[in-house]
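First up is the structure itself, then whatever we jot down about it.
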């Protein structure tokens, strides 16, 4: 660990000009303090992360396990992105209360809406447990045996380090197992919806603007953490009270300046900076284009349905947004990698690695064939990775009836176990409840349209040797007719009747259901032909990359090294700045409400506004939220972000909240694999626009009054 810290400290001095690259572990941020201060930061490392006193990290929340949120008041008020809270907003919406279209604002605590299953987690501390996790693995060559020892150590440590507390601990591998850290967390179980702008603000620009700059999206929503009367996490109860946080962020209500220091603090999902050239080639040429094609077909059906009926719009709005988000990101990702000539950049990097490895006998022995071995492993096993990708897109992202089939498949596979443990009735009730919620947002005609397109696409793209012959024995039309006229899984009444009358003999009858049969054939092929080979690929590649990272750190100590994002708390820093991503194109660093009006005039429905909104913008009654007579809507910065950073606070030099991170520019989406400081930009909604919407548009100034505004 000392050697790694020395490498970090040394690399800072040489690479300060590109300090915005990398997602840094907060508990090690002291190593970067001088560089951050040189860029303008006014805080200390302990202000950012401390286990001895309240610090900024105590205001950073893992929202629902997939996004980030931040605490902005002494009463547990949370801000996150509109798209992060979208499924909760959608779940509370109906034709009568169309919160998606019209927005929602609670006037007091009693009107705030509970959300079943939604959690908010605070990181208590981050602890280096590398030595303890790896204890007993030295000299163990067998990968499976080694992983078994590691998993046993992790389970024991997870219990011991939180014993006697209400905390839990996640222990995760960093740098593919070169180090392990525990993230001790406090998870709140009662998180309520406080407010949301309408889609015409929160989703302004829709698919047209997604991943694009200039941006004018008010991508925010407001929640609140509730706790028991002891201020500790508790399940939902009317007796719960607003949580009193250890730390809440102050609001940067003053003016912004070009190139001022910015910092993003959140939970980035996944980056893969160490991919080998053959992997990048495969992703660009085959995997991403195929997944894009699958999602394009689903969206063609969903979008048409949403335009035709308001009920379908409400039912499918959250699902459409989820599918479309990755779809458009992947298109930009491939474009960015092509523009960077990523494959040749990787090849040049691999040559540099090999040349260095061959410069010393001990390095050659350990690292000399590593690059060739990784490229060989990828080229020999890409078919299995592709089979996995297509199965995910078809069975898990495509036709929705497969979700209900999986529930019944679980019931069938574990019938005896559930019966012996007296869990059977509870499982049936849970699955029945799941079915009730499922059909609330399900339209069989839409699902059949998706099935017709995706089943055909899946069969055509898959290697025939990896697909059961029973799947292809019937054509798409035949399967479609059987499933959508005969199956219980596309009909609410039939499925609920199945659960109500479930007996042991029901197992045999459901196994003859066409949807059940098709799912079984698909999953059997996956389990028998794809998964075992995929596991070998992943385990083998992870082991290679672990040594590859060690080689980079050993042979290139002057280069900046940082662990890939893995949904753990990270800090990244940079500047408030625009970019010039292409020849003849320059992006400014912020947008204003003038752009909202201009886009609205285009006639594109993605830029529709509710009645009265244009007049409100044109009045320019921006009050204390204005800068030079204008209201900033969004701004961009050179902070290295990825999925999971949605909702993350963008902080200024003093640690005050400037805005909510919600996107990257299209030219930046390749930063999951390769970061370019000259073109990669994160996009945030300016907190002053958020406050203006809450105050002037929504008339919910009582929420602004909860916050501390500083200038």
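The values are calculated or read from the model by the stated rules, or taken from the named source; none is laboratory data. From a predicted model like this one, the values you see are computed outputs, not experimental measurements. As a convention, Cβ positions derive from the backbone with ideal geometry for all residues, glycine included, and neighbour counts pool all protein chains shown.
Go through 162, 194, 222, 184 for me and flag whichever is in contact (Cβ under 8 Å) with a residue 12 or more places away in the chain and surrounded by fewer than 18 Cβ atoms within 10 Å (Cβ to Cβ).
Within the list 162, 194, 222, 184, the selection yields 162.
State the number of residues belonging to region 249-259 that are part of a loop (DSSP other than H, G, I, E, B) and closer than 23 Å to residue 623 by Cβ.
Residues that pass the stated criteria total 7.
Hey, can you tell me all the residues within region 118-148 that are on the phi > 0 side of the Ramachandran plot and modelled with pLDDT of 95 or more?
The answer is 136, and nothing else.
Scanning for something assigned to a helix (DSSP H, G or I) and either assigned by TED's automatic domain parsing to the domain that holds residue 641 or modelled with pLDDT of 95 or more (or both), does region 556-567 turn up at least one residue?
No.
Can you name the residue in region 243-260 that is closer than 17 Å to residue 187 by Cβ and in contact with a strand residue (DSSP E or B) (Cβ under 6 Å, 6 or more places away or on another chain) and is also surrounded by the most Cβ atoms within 10 Å (Cβ to Cβ) among such residues?
243
Are any residues in region 500-520 modelled with pLDDT of 95 or more and crowded, with 17+ Cβ neighbours inside 10 Å, and if so, which ones?
Within region 500-520, 510, 513, 514, 515, 516, 517, 518, 519, 520 qualify.
Yes or no, residue by residue, for (1) over 21 Å from residue 687 (Cβ atoms); (2) surrounded by fewer than 21 Cβ atoms within 10 Å (Cβ to Cβ):
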{"site": "592", "(1), (2)": "no, no"}
{"site": "613", "(1), (2)": "no, yes"}
{"site": "634", "(1), (2)": "no, no"}
{"site": "642", "(1), (2)": "yes, no"}
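Scan region 556-579 residue by residue and report those that are within 17 Å of residue 671 (Cα to Cα) and in contact with a helix residue (DSSP H, G or I) (Cβ under 9 Å, 6 or more places away or on another chain).
560, 561, 562, 563, 564, 565, 570, 571, 573, 579
If you take just the helices (runs of 4 or more DSSP H) that sit entirely in region 412-472, which of them hold at least 2 residues that are within 27 Å of the chain's Cα centre (by Cα) and either closer than 18 Å to residue 498 by Cβ or not assigned by TED's automatic domain parsing to the domain that holds residue 490 (or both)?
On the way: elements: 415-420, 424-440, 444-461.
It comes to 424-440.
Testing residue 92 on (1) in contact (Cβ under 8 Å) with a residue 60 or more places away in the chain; (2) under 26 Å from residue 569 (Cβ atoms), one condition comes back false. Which one is that?
Here residue 92 meets the rest and fails (2).
Please go through (1) in contact (Cβ under 8 Å) with a residue 40 or more places away in the chain; (2) in a helix (DSSP H, G or I) for residue 320 and return the number of the only condition it doesn't satisfy.
Exception for residue 320: condition (1).
Does residue 339 satisfy the condition of being in contact with a strand residue (DSSP E or B) (Cβ under 9 Å, 6 or more places away or on another chain) and surrounded by fewer than 19 Cβ atoms within 10 Å (Cβ to Cβ)?
Details: in contact with a strand residue (DSSP E or B) (Cβ under 9 Å, 6 or more places away or on another chain): yes; surrounded by fewer than 19 Cβ atoms within 10 Å (Cβ to Cβ): yes.
So residue 339 passes the test.
Only one of these conditions is not met by residue 267: (1) within 30 Å of residue 131 (Cβ to Cβ); (2) not assigned by TED's automatic domain parsing to the domain that holds residue 52. Which number is it?
The single condition residue 267 does not satisfy is (2).
Scan region 133-160 for residues that are under 17 Å from residue 184 (Cα atoms) and out of contact with any helix residue (DSSP H, G or I) (no Cβ under 8 Å at 6 or more places or on another chain) and jot them down.
Selection gives 155, 156, 158, 159, 160.
Could you tell me whether residue 405 is surrounded by fewer than 19 Cβ atoms within 10 Å (Cβ to Cβ) and touching a residue at least 40 places away in the same chain (Cβ under 8 Å)?
Spelling it out, it is not the case that residue 405 is surrounded by fewer than 19 Cβ atoms within 10 Å (Cβ to Cβ) and touching a residue at least 40 places away in the same chain (Cβ under 8 Å).
Of these, 57, 37, 75, 53, which one is modelled with pLDDT of 95 or more and within 24 Å of residue 116 (Cβ to Cβ)? Spell out the reasoning first.
Working: 57 fails: within 24 Å of residue 116 (Cβ to Cβ); 37 fails: within 24 Å of residue 116 (Cβ to Cβ); 53 fails: within 24 Å of residue 116 (Cβ to Cβ).
Sole residue among the options that is modelled with pLDDT of 95 or more and within 24 Å of residue 116 (Cβ to Cβ): 75.
From 298, 359, 349, which residue is more than 18 Å from the chain's Cα centre (by Cα) and not in a helix (DSSP H, G or I)?
359
Kindly indicate which of 482, 495, 466 is over 20 Å from residue 397 (Cα atoms) and surrounded by 19 or more Cβ atoms within 10 Å (Cβ to Cβ).
Among 482, 495, 466, only 495 is over 20 Å from residue 397 (Cα atoms) and surrounded by 19 or more Cβ atoms within 10 Å (Cβ to Cβ).
Results for (1) without any contact (Cβ under 8 Å) to a residue 12 or more places away in the chain; (2) part of a helix (DSSP H, G or I), shown as yes or no for each residue.
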residue	(1), (2)
330	no, yes
355	yes, yes
371	no, yes
375	no, yes
390	no, yes
398	no, no
